[in-house]
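The values are calculated or read from the model by the stated rules, or taken from the named source; none is laboratory data. Computed from a predicted model, the values in this text were never measured in an experiment. Here the Cβ positions follow ideal geometry from the backbone for every residue, glycine too, while neighbour counts run over all protein chains shown.
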Amino acid sequence: MIKSTIEKSRKIHPLKLKTKQTLVAYSFLTIPLLFFLCIRIFPTLYSFSMSFSPQYGVGFTVENYQKLFKDHFFWQAVWNTLKYVIITVPIQMALGLLLALAIKRIQHFRWFYRMIYFLPYITSIVAVSWVWRLMFDPNTGFLNAFFGILHIPPQNWLSDPKEALLCISTVMIWQSMGFSMLIFMAGLEGIPKHLYEAAQIDGAGKGKMFWKITLPLLNPTIVFLAVTGVIQALQTFTQIQNLTAGSGSNAGGPLHCTISIVVYMYQNAFQDFNMQYASAVAVVLFIFILLVTLLQLRVLNKNIEY
């Protein structure tokens, strides 16, 4: 019986077996592919086509884009979004690198410090935003209570146009620096130790080793964190929505000083019910993110060899 089974298996044509394997592979890929097409590709194409449709009626028009580029509030949202990028991305990366270097020097309970600093990143953004909103409360918040102990006048954190954007940026930095720390720690572990040993033999100090060895070899890590951080900052929505909306006012206040592109798109789509105009905003945001990402990869990506 065993001999007959072996003979039958030998008669299977190799091309037929390869075809079966290919069909099995494609059958497993079909479901996630359909899911990706339905959730990502189709909505993207539909949104692109909707951006060229008038709000009332049918047809092809570019009036949404004409209105968009003349809209003062849109450019205010663009400028605020750029502020979020400029403020949050460099600071959270710098703090993440400092934390990674500090934790790497710790000999005991290193896992505990990694967990403490990474915990905010995996916590719900809505929950984090509301905790900080309570802390920013001008009457009962922790920050003004602490300032009162130091005899510092209370601040209208989220109601002052000069402070509101910085407050939201602080929340974003606090929540994201743990992720930067973890990625930097992985990058530091990948640097060969013999490079430091050779530099130490040559008489190089810690500062010189950092600038000549550590920082250049962390370039792939820096590129990754810069690209993902900028994309995340350009899509800022949840923190603004939960920190500034309420009491009958829309998110992005006061005086639109904290509104981002995504918040502006959300308000046009789901509050003003102008889906066509919101789709035009989404298309412009997509193109902007694509161009910024390509520019970052071109400028930051460097080949470092030792």
Some residue of the range 184-199 being out of contact with any Gly (no Cβ under 6 Å at 6 or more places or on another chain), assigned to a helix (DSSP H, G or I), basic (Lys, Arg) and over 26 Å from TYR113 (Cβ atoms): no
Counting only residues that are of a type outside the set (Gly, Ala, Ser), out of contact with any Gly (no Cβ under 8 Å at 6 or more places or on another chain) and modelled with pLDDT of 90 or more, how many does the range 159-181 have? 11
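Kindly indicate which of ILE259, ILE289 is in a loop (DSSP other than H, G, I, E, B), at pLDDT below 95 and aliphatic (A, V, I, L, M).
The match here is ILE259.
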Selection from the range 187-215 of residues that are within 25 Å of the chain's Cα centre (by Cα) and not β-branched (Val, Ile, Thr): GLY187, LEU188, GLU189, GLY190, LEU215
Residues that are surrounded by fewer than 18 Cβ atoms within 10 Å (Cβ to Cβ) and over 21 Å from the mean Cα position of the chain (by Cα): does the range 167-186 have at least one? no
Name the single residue, out of those in the range 31-57 being out of contact with any helix residue (DSSP H, G or I) (no Cβ under 6 Å at 6 or more places or on another chain), among the hydroxyl-bearing types (Ser, Thr, Tyr) and surrounded by 10 or more Cβ atoms within 10 Å (Cβ to Cβ), that is modelled with the lowest pLDDT. THR44
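Considering PHE69, PHE52, PHE60, PHE73, which residue is hydrophobic (A, V, I, L, M, F, W, C) and touching a His at 6+ places or on another chain (Cβ under 7 Å)? It would help to see each step written out before you state the result.
Values: PHE69 fails: touching a His at 6+ places or on another chain (Cβ under 7 Å); PHE52 fails: touching a His at 6+ places or on another chain (Cβ under 7 Å); PHE60 fails: touching a His at 6+ places or on another chain (Cβ under 7 Å).
After ruling out the rest, the residue left standing is PHE73.
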Please go through the range 114-150 and give me each residue that is among the hydroxyl-bearing types (Ser, Thr, Tyr) and surrounded by fewer than 15 Cβ atoms within 10 Å (Cβ to Cβ), ordered by number. THR123, SER124, THR140
I need a count of the residues in the range 57-71 that are part of a helix (DSSP H, G or I), free of Cβ contacts under 8 Å to residues at least 24 places away in the same chain and more than 26 Å from the chain's Cα centre (by Cα). 3
